[in-house]
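Reading through the structure tokens given below for one structure.
Each reported figure results from applying straightforward, stated rules to the coordinates on display, with no laboratory input. Model, not experiment: these values are computed from the prediction. Here the Cβ is made from the backbone with ideal geometry for all residues, glycine too, and neighbour counts use every protein chain on show.
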Amino acid sequence: AQSVTQPDIHITVSEGASLELRCNYSYGATPYLFWYVQSPGQGLQLLLKYFSGDTLVQGIKGFEAEFKRSQSSFNLRKPSVHWSDAAEYFCAVGGTGTASKLTFGTGTRLQVTL
Amino acid sequence: SAVISQKPSRDICQRGTSLTIQCQVDSQVTMMFWYRQQPGQSLTLIATANQGSEATYESGFVIDKFPISRPNLTFSTLTVSNMSPEDSSIYLCSVGRVNTEAFFGQGTRLTVV
């Protein structure tokens, strides 16, 4: 069965600092990988996705993520965090043929200090 | 992409009652799913809503508690039956097409008192 691990429950960074959120997955084949963001009281917004090809993917709001098969990781990065980035971030894996059927990690809550 | 309308957006219900949540998509989609997000938790898949047939439930979820309908390719309902306070959660509808990302509705915030 597929699974996703987000080791960091809560991260605090200063505005303007760089950010890396960790995600490790377990899946028997080449996975479809996603990062979603959820702001308080809001639904989930897709930040970026990896299906195949270039292992460094660019997303919205200046985020990027790198797929590393050897490490079963898909870490999310942003070079300079803005106060509006404070939210809950979820890494998710989808299965071949059913990419939209997702298994989510436990989430990382990002707090941004001014 | 897909625009998803979920109703109601929130509700407060008495224990022992049932609530039906609707999910309407602006275009035909192959896949429709229902998730539950308990307070402070991640999302857990309840079931896949299958058009014209019974939903496929994940382990720990049963049809008697969470009956689901999907009469066509743009609409689905989830009913939370015989509610207890433990059912207080956000329920989210998501949709997708074959090998595409999932799109989510805004969710229904349910409080059971």
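Would you list the strands (runs of 3 or more DSSP E) that sit entirely within the range B:12-86 and hold 3 or more residues that are more than 23 Å from A:Thr98 (Cβ to Cβ)? Before you say what the answer is, go through the steps one by one.
Working: elements: B:19-25, B:31-37, B:43-49, B:68-72, B:75-80.
By residue number, B:19-25.
For residues that are assigned to a strand (DSSP E or B) and facing another protein chain (nearest Cβ under 7 Å), scanning just the range B:96-113, find the one that is farthest from B:Tyr35 (Cα to Cα).
Among those that are assigned to a strand (DSSP E or B) and facing another protein chain (nearest Cβ under 7 Å), it is B:Gly96.
For B:Glu101, indicate whether it is buried (at least 16 other Cβ atoms within 10 Å of the Cβ), of a type in the set (D, E, K, R) and more than 11 Å from the chain's Cα centre (by Cα). Break it down stepwise before answering.
Details: buried (at least 16 other Cβ atoms within 10 Å of the Cβ): yes; of a type in the set (D, E, K, R): yes; more than 11 Å from the chain's Cα centre (by Cα): yes.
Criteria met by B:Glu101.
Quick one: is B:Ser53 surrounded by 13 or more Cβ atoms within 10 Å (Cβ to Cβ) and more than 10 Å from every other protein chain (Cβ to nearest Cβ)? Spell out how you get there, then give the answer.
Numbers: surrounded by 13 or more Cβ atoms within 10 Å (Cβ to Cβ): no; more than 10 Å from every other protein chain (Cβ to nearest Cβ): yes.
So B:Ser53 does not fit the description; no.
Working only within the range A:3-18, note down all residues that are more than 28 Å from B:Arg109 (Cβ to Cβ) and either buried (at least 20 other Cβ atoms within 10 Å of the Cβ) or polar (S, T, N, Q) (or both).
A:Ser14, A:Ser18 - these are the residues of the range A:3-18 that are more than 28 Å from B:Arg109 (Cβ to Cβ) and either buried (at least 20 other Cβ atoms within 10 Å of the Cβ) or polar (S, T, N, Q) (or both).
For the range A:38-114, give me every one of the strands (runs of 3 or more DSSP E) that falls completely inside it and has 1 or more residues that are of a type in the set (D, E, K, R), within 11 Å of chain B (Cβ to nearest Cβ) and within 13 Å of the chain's Cα centre (by Cα). Steps first, please.
On the way: elements: A:44-50, A:56-58, A:64-68, A:73-78, A:87-95, A:98-104, A:108-113.
Counting at least 1 such residues, we get A:44-50, A:87-95, A:108-113.
Quick one: which residue in B:Tyr57, B:Tyr91 is in contact (Cβ under 8 Å) with a residue 40 or more places away in the chain and under 24 Å from A:Tyr32 (Cβ atoms)?
The unique qualifying residue is B:Tyr91.
Just checking, does the range A:12-28 include any residue being touching a Gly at 6+ places or on another chain (Cβ under 7 Å), outside any strand (DSSP E or B) and not polar (S, T, N, Q)?
Checked against the condition, which is being touching a Gly at 6+ places or on another chain (Cβ under 7 Å), outside any strand (DSSP E or B) and not polar (S, T, N, Q), the range A:12-28 yields at least one hit.
Would you mind telling me which numbered condition in (1) farther than 19 Å from B:Thr44 by Cβ; (2) in contact with a His (Cβ under 6 Å, 6 or more places away or on another chain) A:Ser80 fails?
All conditions are met except number (2).
Of the residues B:Ile21, B:Ile12, B:Ile4, which is farther than 24 Å from A:Trp35 by Cα and within 14 Å of another protein chain (Cβ to nearest Cβ)?
Of B:Ile21, B:Ile12, B:Ile4, the one residue that is farther than 24 Å from A:Trp35 by Cα and within 14 Å of another protein chain (Cβ to nearest Cβ) is B:Ile21.
Counting just the residues of the range A:53-94 that are among the hydroxyl-bearing types (Ser, Thr, Tyr) and at negative phi, which one comes out surrounded by the fewest Cβ atoms within 10 Å (Cβ to Cβ)?
Our first condition is that a residue be among the hydroxyl-bearing types (Ser, Thr, Tyr); within the range A:53-94, this holds for A:55, A:70, A:72-73, A:80, A:84, A:89.
Now narrow it down to the ones that are at negative phi: A:55, A:70, A:73, A:80, A:84, A:89.
Details: A:Thr55: 12, A:Ser70: 5, A:Ser73: 17, A:Ser80: 11, A:Ser84: 10, A:Tyr89: 23.
Selected residue: A:Ser70.
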